[in-house]
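The values are calculated or read from the model by the stated rules, or taken from the named source; none is laboratory data. A quick note: this is a predicted structure, and the numbers were derived from the prediction, not measured. Here the Cβ is made from the backbone with ideal geometry for all residues, glycine too, and neighbour counts use every protein chain on show.
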Amino acid sequence: MSAPVYLDYAATTPIDPRVAEVMSRYLTREGIFANPASRSHMPGWQAEQAVESARRQVADLIGADPREIVWTSGATEADNLALTGYMRANRARGRHLVTSIIEHKAVVDTAKSLEQEGFEVSWLTPDRDGRITPEALRDAMRDDTVLVSLMAVNNELGTIHDLPALAEVAHAGGAVLHVDAAQAVGRIPLDMAAQGIDLMSVSAHKVYGPKGVGALYVKRDPDMRLEALIHGGGHERGMRSGTLPTHQIAGMGEAFAIAGREGEDDQAHIRALRDRFLAGLEDLDGVHRNTSIDHAVPNILNLAFEGVDGESLLMALRDIALSTGSACNSASVEPSYVLKGIGVPRRLALASLRFSFGRFTTEAEIDRTLAALRHALIGLRR
Ligand SMILES: *Cc1c(COP(=O)(O)O)cnc(C)c1O
């Protein structure tokens, strides 16, 4: 039997071989393994240079200054640092935060923990397309709102938010904008100044880099203060202590540099595959699109299959690596809170699957998936 078709790129991507090759230079005794914080010898300086060169690669992709990049263990930690770090540092100015019900759990659960700490949170609901409108944000703003946190691209639906319009409303209300861009890097253009973004979380493993590393963009501004969550040696200008993982960081830098050069080509390749997939679905009955494709990245497609149960369909599609909504929910049988949030009826939400395509997806894999889907649906509906 051949290996399963991997259509779960939104959960994680394989490391690009070019990235793996770069990472391998920073591991062993022959390589650059020293502590990048060691200031007293050449190996330490070389490691520091690798870290700083990766910092520039990450900054370049998002139109930032390298001094605005804070390394973290991933987007989850970056989200925690942005929300908790900013709210705690600014508690004298205001206690109110605005976010939405369709954010990743890394934002949703951090906001809930801030509620426990005495902060107040307003939870925006999206429109039917899965987008938070600037009008909805304007209505939620208060005199004491200090932070707005909204994602760039939704991980279950692929919906893209109008960041400049949302930033304008946040700023007009005296708040800063945090954006979770884990699903946006390499998929849509990101430019901190042009889009009005003050804080932004990114991750390496969603863009063909390694798991376990990410970053928080923190706009350089005297008013931009964050309280550290992890205390120690004062690394990353005191915002995030801990010895920097040189190999992970160099890998993330390379992955971001490749995304800068090839992201557009990747998306064109993926769009053609997504359209081939949609065309192949046309003669199947009872298939609903949860993703509003005019407002979404081409690499994520969320579909509901009438008359079947999502879990049974997943089982029948053993040859295809897929997920029902977000990976973090795959242990529970509750319908996805994101699908519920855009008003998908429970019956259809429970019959929904997320197909996510990537750099290494082929036409043959799309065709194999269509054939498997056809077969599974006939079997389950009989
Ligand atoms: C994957 C993901 C995260 C978590 O990123 P990690 O680097 O795995 O911690 C956060 N937000 C979104 C939107 C994601 O897709």
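Some observations on this one:
- Looking only at the stretch 216-234, residues that are over 23 Å from the mean Cα position of the chain (by Cα) and buried (at least 18 other Cβ atoms within 10 Å of the Cβ) come to 0 in all.
- Filtered residues of the stretch 139-168 (kept if part of a strand (DSSP E or B) and within 14 Å of the ligand (Cβ to nearest atom)): Ser149, Leu150, Met151, Val153, Thr159, Ile160
- Residue within the stretch 270-281 that is touching a residue at least 60 places away in the same chain (Cβ under 8 Å) and among the small types (Gly, Ala, Ser) present: yes
- Subset of the stretch 86-129 (residues that are of a type in the set (D, E, K, R) and within 16 Å of the ligand (Cβ to nearest atom)): Glu103, Lys105, Asp109, Lys112
- Arg240 meets all of the listed conditions (1) in contact with a Leu (Cβ under 7 Å, 6 or more places away or on another chain); (2) of a type in the set (D, E, K, R); (3) away from the ligand (no atom under 16 Å from the Cβ) but one, namely (3).
- Candidate set: the stretch 209-237, residues that are within 13 Å of the ligand (Cβ to nearest atom) and either without any contact (Cβ under 8 Å) to a residue 40 or more places away in the chain or not small (Gly, Ala, Ser) (or both); chosen: the one farthest from Arg56 (Cα to Cα): Lys211
- Within the stretch 56-79, one or more residues are without any contact (Cβ under 8 Å) to a residue 24 or more places away in the chain, more than 12 Å from the ligand (Cβ to nearest atom), on the phi < 0 side of the Ramachandran plot and not aliphatic (A, V, I, L, M).
- You will find that of Leu314, Leu301, Leu348, the residue that is modelled with pLDDT under 95, under 28 Å from Tyr208 (Cβ atoms) and not in a loop (DSSP other than H, G, I, E, B) is Leu314 and no other.
- Inclusion of Ile132 among residues that are within 15 Å of the ligand (Cβ to nearest atom), surrounded by fewer than 19 Cβ atoms within 10 Å (Cβ to Cβ) and in contact (Cβ under 8 Å) with a residue 24 or more places away in the chain is not warranted.
- Filtered residues of the stretch 169-180 (kept if within 16 Å of the ligand (Cβ to nearest atom) and in contact (Cβ under 8 Å) with a residue 60 or more places away in the chain): His178, Asp180
- Helices (runs of 4 or more DSSP H) lying entirely in the stretch 1-114 (those with 3 or more residues that are over 21 Å from the mean Cα position of the chain (by Cα) and not assigned by TED's automatic domain parsing to the domain that holds Leu370): 17-23, 42-61, 86-89
- Lone unmet requirement of (1) farther than 28 Å from Glu264 by Cα; (2) surrounded by fewer than 22 Cβ atoms within 10 Å (Cβ to Cβ) for Arg67: (1)
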